[in-house]
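Bear in mind these aren't lab numbers, they're just calculated from the coordinates by the rules spelled out. Predicted model, so just to flag it, every value in this text is computed and none were measured. Glycine gets a Cβ as well: all are built from the backbone with ideal geometry, and neighbour counts include every protein chain shown.
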Amino acid sequence: MKLEEIIKSDELYFIDIETVNSTGICQIGITKWSKKENRLSIVFNEIINPEVPSSEINIYAVRVHSISEYTWTSAKPYPYFHERIKNLLDGKIVFQWGGNDVGIIYKNIRRYNLSEIKTTSLKSWNYQFKGVKLIDAAKNLGISFTGAHRAQSDSFITGLVFVMDLLNYEITNIDHKIIDSFNTQAKARRVGVEKFNPKNMKINGEGDEICLTGFTTQEKMKFGELLAKKGYRVRSSVTSGLRFLVTPSGSYSRSPGKEAEARRVGAEVVEMKSLLTNLT
């Protein structure tokens, strides 16, 4: 499709997908451009359960996306969201920055035997952004975007870069506030990743010692304080007196070394859901 035809469209959609391997989706973000309203809006932003074996998960990629095992195992799988995505994208012009984002959607359609989505799929870097990284394209337009590898933010920035460069769109205060929120979240992730410290909790217990693994820093704080209220003493690592190593689920093993260490000191490896159930 020619560029002059594209920019006449009333609506454009910008998509970004994060995966745990070549197929399993862990995040989808979709941003819509409305010519009538002259604005960008995030219309889909979800964590997805990839439903793939733990042996197929690229743990490094998952950590870059800042998604914990607890978050994705608590999320719905792709088929749950399919009709919403189909209603948004079917018959539409859909941009991805590069890569194979829309292709991943098609892989999951085949994987789950779902109804087809017919889109005109295009890569933004084919239009005046050849081979440029998204974060650099944004910088070239004066957009101070420091957070990447999150589907919501990357889909929005893809749309913003496109309409600013090709449709002469002028960035608004609302856009700036959205970008600032992305950057704030990114800074918190960089500072907080795997640096949970029980000393930062409001309270801690004096009873059986427990350690949380496979969760984000924010989740460790949330569950740590919840368990501390029940009397548990929360530790940041495996100790000689550890009673429980708490994991998100039995399906995915994020810390096999830590689990082995816990068992060596006589601790029991338990799922968070099971532990919370026993407390109620």
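At-a-glance table
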item: Sorted by Cβ density within 10 Å, fewest first, the residues 73, 19; result: 73, 19
item: Cα-based Kirkwood hydrodynamic radius, the range 3-191, one decimal, Å; result: 16.9 Å
item: DSSP H segments from the chain that extend 20 Å or more along their own axis, Cα-based, with Kyte-Doolittle mean of -0.5 or above; result: 151-166
item: Linear extension gain, residue 199 paired with residue 113, 0.36 nm per residue minus alpha-carbon span; result: 26.1 nm
item: Alpha-carbon centroid distance for the pair the range 123-162 / the range 218-278, whole angstrom; result: 39 Å
item: Residue exposure sequence - 245, 122, 226 - by fewest surrounding Cβ within 10 Å; result: 226, 122, 245
item: Linear extension gain, residue 41 paired with residue 166, 0.36 nm per residue minus alpha-carbon span; result: 43.2 nm
item: Unit charges on C-beta of K, R, D, E only; dipole of the chain, Debye; result: 460 debye
item: Fully extended contour minus Cα-Cα distance, from residue 187 to residue 54, at 0.36 nm per residue; result: 45.1 nm
item: Violating pairs (Cα-Cα greater than 23 angstrom) within the set 230/273; 35/107; 8/32; 202/230; 2/36; result: 35/107
